[in-house]
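S.K.: Questions regarding the structure given below will be posed in turn.
The values are calculated or read from the model by the stated rules, or taken from the named source; none is laboratory data. Quantities reported herein were computed from a predicted structural model and do not represent experimental measurements. Please note: Cβ atoms are built from the backbone with ideal geometry, for glycine as well, and neighbour counts cover all protein chains shown.
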Amino acid sequence: MNPQSSPARQWRVPQVLPAVKALGALVLVALGLLFAGEDRVQLVLAGLAAAGLLAWALRDLVAPVRLAADPEGITVVQGFARRRRLPWAAVESIRVERRTRRGITAETLEIDAGESLHLFGRYDLDAPPEEVAAALETARAAAR
């Protein structure tokens, strides 16, 4: 198959998300300073939570593309920012898992690659998981 006939598709974190996380970290530190008073434990806890949120925002900046597909296979982000290449032959199934709890439905894209399972939510992909699953199945079928 000619790689030029089917261009690569990418799904990434929404561009505004890292800024929102960084702003949340700033708000946590401000609230910690405002309410800590003489209690340094509250300030330290607010600082730790803010650091975690900043690390999460940093991941979004370092590895914004969470999933990419081309005629040869898919590339997924694994761990903090490592990329893993999976040929289509290694992908056993692509499905969307829906769970409802307390009236809220969450959708997760699951890519089963045998020895590994890769999970992506709506904010990892900046698209509905159902739509991404359909695009992946189309790309997979075109590669055969």
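S.K.: All but one of (1) closer than 30 Å to Gly32 by Cα; (2) among the charged types (D, E, K, R); (3) touching a helix residue (DSSP H, G or I) at 6+ places or on another chain (Cβ under 6 Å) hold for Asp124, so report the exception by its number.
M.R.: (3)
S.K.: Ok, one more. Kindly indicate the residue of the range 30-85 that is polar (S, T, N, Q) and in the same structural domain as Ala135 (by TED's automatic domain parsing) and also nearest to His118 (Cα to Cα) among those meeting that condition. Please lay out each step first, then the result.
M.R.: As a first pass, look at the range 30-85 and keep what is polar (S, T, N, Q): 42, 75, 78.
Filter once more, keeping what is in the same structural domain as Ala135 (by TED's automatic domain parsing): 75, 78.
Values: Thr75: 11, Gln78: 8 Å.
Selected residue: Gln78.
S.K.: On the basis of being surrounded by 14 or more Cβ atoms within 10 Å (Cβ to Cβ) and hydrophobic (A, V, I, L, M, F, W, C), does Leu26 make the cut? Write out each step before concluding.
M.R.: Working: surrounded by 14 or more Cβ atoms within 10 Å (Cβ to Cβ): no; hydrophobic (A, V, I, L, M, F, W, C): yes.
So Leu26 fails the test.
S.K.: Could you list, in sequence order, all residues of the range 4-27 that are at pLDDT below 95 and either out of contact with any strand residue (DSSP E or B) (no Cβ under 9 Å at 6 or more places or on another chain) or among the polar types (S, T, N, Q) (or both)?
M.R.: Within the range 4-27, the first condition is being at pLDDT below 95, and the residues that meet it are 4-9, 15.
Passing the criteria: Gln4, Ser5, Ser6, Gln15.
S.K.: Further, regarding this structure: Can you give me the ranges of the strands (runs of 3 or more DSSP E) entirely in the range 37-144 with at least 3 residues that are over 11 Å from the mean Cα position of the chain (by Cα) and farther than 28 Å from Leu26 by Cα? Spell out the reasoning first.
M.R.: Values: elements: 65-70, 73-78, 82-87, 93-101, 104-112, 117-120.
Filter on the range 37-144 gives 65-70, 73-78, 82-87, 93-101, 104-112.
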